[in-house]
Each structure stands twice: as C-alpha cells, then as structure tokens.
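The values are calculated or read from the model by the stated rules, or taken from the named source; none is laboratory data. Remember, it's a predicted structure, so these values are computed and weren't measured experimentally. Glycine gets a Cβ as well: all are built from the backbone with ideal geometry, and neighbour counts include every protein chain shown.
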Amino acid sequence: MLKIQLEEATKRFQYEWIFKNLNLTLESGQSLAVTGGNGSGKSTLLKCFCGAIPLTSGKINYTLENQSVSDSDWFSHLTIAAPYMELPEEYSLKELLEFHFKFKTCLPSLSISEIIEILYLESHAQKSISQFSSGMKQRVKLGLALFSDVPLIFLDEPTSNLDKKGIQWYQDLMEKYLQDRIVVVCSNEPREYEFCTQKISLEDYK
Ligand SMILES: Nc1ncnc2c1ncn2[C@@H]1O[C@H](COP(=O)(O)OP(=O)(O)OP(=O)(O)O)[C@@H](O)[C@H]1O
C-alpha cells in the first residue's frame, strides 16, 4: 500500500506563486485529476510530486507498506508520461522496451511482444523511434508508464497527439491496467481524467 501526503505544499518561482498551502492524501487505488488553465502550474506540481524539483515550503511524504520512502528513492516507485519527456530516438521500439524494462520491472502478466501488440505497433517493432509519428510516440510513452510494475503513475496531458481511436484506446487501457495503483493526471480534458476519484483545480490554490 502506497500513501502520498502533501502538507501545506507551496511552490513559488521568483515572485510568482504557482500553488499555496496544498493539502491532500492519496492511497493505492485512488487517482487524482489536476486541472487548471494554461500556465496554472499543473506540470510544476507534477514535477514536485515526483521529486524532480523541490517545493518552496511544505512537505510531501511517501510511505510504502507503512515505511517512509526517502526523496532520493521516490523515482524507483513511479513512472511518468509527459509531452516534455523525450524518447531515445535512435532505438528501435523493441530495443527501447528491452532497455526500459531492464530498469523497471514489467507487469508480470506481459511480455515485450504482447506490449508491442497492445500498442498496435507490431509492424513497427524494428523501426527507429525517430521515424515514429507523434501519436505513435505518445502510445509508446503511455505504454512505458502503464506497463511498468510501479505503484504510482503520473500522466501529463495523456491524450496529446492521439486521434479519436487513440483516445478510446487510452480510456480502455486505464480501465484495464490501473489496478491498485495511484494515478495522477494533469489535464483540462475530462475524457483524460473521468475515472479519477479526486479532482483539484490549481486556481483554488493561488
Ligand atoms: N523553471 C521555471 N522557472 C520559472 N518559472 C517557471 C519554471 N517552470 C515553470 N514556470 C512558470 O510556472 C508557471 C506554471 O507553469 P506550468 O508549466 O506548470 O503550467 P501548466 O499548468 O502545466 O501549463 P500548460 O497547461 O500550458 O501545460 C508558468 O507561469 C511558467 O512560466
């Protein structure tokens, strides 16, 4: 069981308050939608959540099976799919998946070839990522995040670059693979976060 607690979490860049005094608790099986207009701080909160940048004040506590997890270890328990994260373009899809799953354990029920099939990329397994369309890259990012056996998943604008069929694919995937994990979705599109059990708007924390 994973638990995340934000206590009076506050972030400021120079003179700009991004969010102030944010308190919330998330436990395994729960999911959070973070909404807010462009530039309201969704991606910033996500980066704080995963320890990539520090809070200005307040605290984020991670506990796994009632044991506190240190900031430097958060990374091994989470995955992120976000538009600003690059994929290694020189790898083929198969090489990328093999590389990724050397660092993160794959969900026990899945093999690399099954993942390629779920991504609808069977005929592109040997093609280099640099030759993938933006929608294909987005499916790969979501696959890397969802099919890793981690208790915490962060998704920033998860259906960006996906067409109608891709959006339906994302929604089906979330239904099937969320399992007992915590998922945080930064988005302004209800279709991306309809399944979430909690929702906050960053405009309420200025
Ligand atoms: N490293 C940084 N230094 C200074 N300001 C920053 C930095 N990163 C982000 N900001 C500012 O923080 C604010 C929030 O940006 P952020 O990217 O978190 O918003 P967002 O809600 O994710 O936006 P969008 O919906 O457009 O993706 C913006 O005003 C941005 O310019």
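Things to note:
- Highlighted here are the strands (runs of 3 or more DSSP E) found entirely within region 151-206 that include at least 2 residues which are over 16 Å from the mean Cα position of the chain (by Cα): 198-201.
- Spans of strands (runs of 3 or more DSSP E) in region 1-78 with at least 3 residues out of contact with any Phe, Trp or Tyr (no Cβ under 9 Å at 6 or more places or on another chain): 2-13, 16-27, 57-64
- Region 1-43, subset near the ligand (Cβ under 8 Å from one of its atoms) and in contact with a helix residue (DSSP H, G or I) (Cβ under 9 Å, 6 or more places away or on another chain), residue nearest to Arg181 (Cα to Cα): Lys42
- Selection within region 52-68: residues that are surrounded by fewer than 17 Cβ atoms within 10 Å (Cβ to Cβ) and within 16 Å of the ligand (Cβ to nearest atom). The member of this set that is modelled with the highest pLDDT is Thr56.
- Exactly one residue out of Leu152, Leu119 is in contact (Cβ under 8 Å) with a residue 60 or more places away in the chain, among the aliphatic types (A, V, I, L, M) and buried (at least 17 other Cβ atoms within 10 Å of the Cβ), and it is Leu152.
- Take the conditions (1) within 16 Å of the ligand (Cβ to nearest atom); (2) buried (at least 19 other Cβ atoms within 10 Å of the Cβ); (3) under 23 Å from Leu142 (Cβ atoms); Thr79 misses just one of them, which is (1).
- Of all residues in region 179-190, those satisfying the criterion of being within 16 Å of the ligand (Cβ to nearest atom) and without any contact (Cβ under 8 Å) to a residue 40 or more places away in the chain are Glu189, Pro190.
- Among the candidates Lys3, Lys11, residue that is crowded, with 21+ Cβ neighbours inside 10 Å and either among the acidic types (Asp, Glu) or touching a residue at least 12 places away in the same chain (Cβ under 8 Å) (or both): Lys11
- Residue in region 107-125 that is farther than 23 Å from Asp172 by Cβ and not in a helix (DSSP H, G or I) present: no
- Candidates Lys104, Lys94 - the one that is under 17 Å from the mean Cα position of the chain (by Cα) and either among the charged types (D, E, K, R) or surrounded by 13 or more Cβ atoms within 10 Å (Cβ to Cβ) (or both): Lys104
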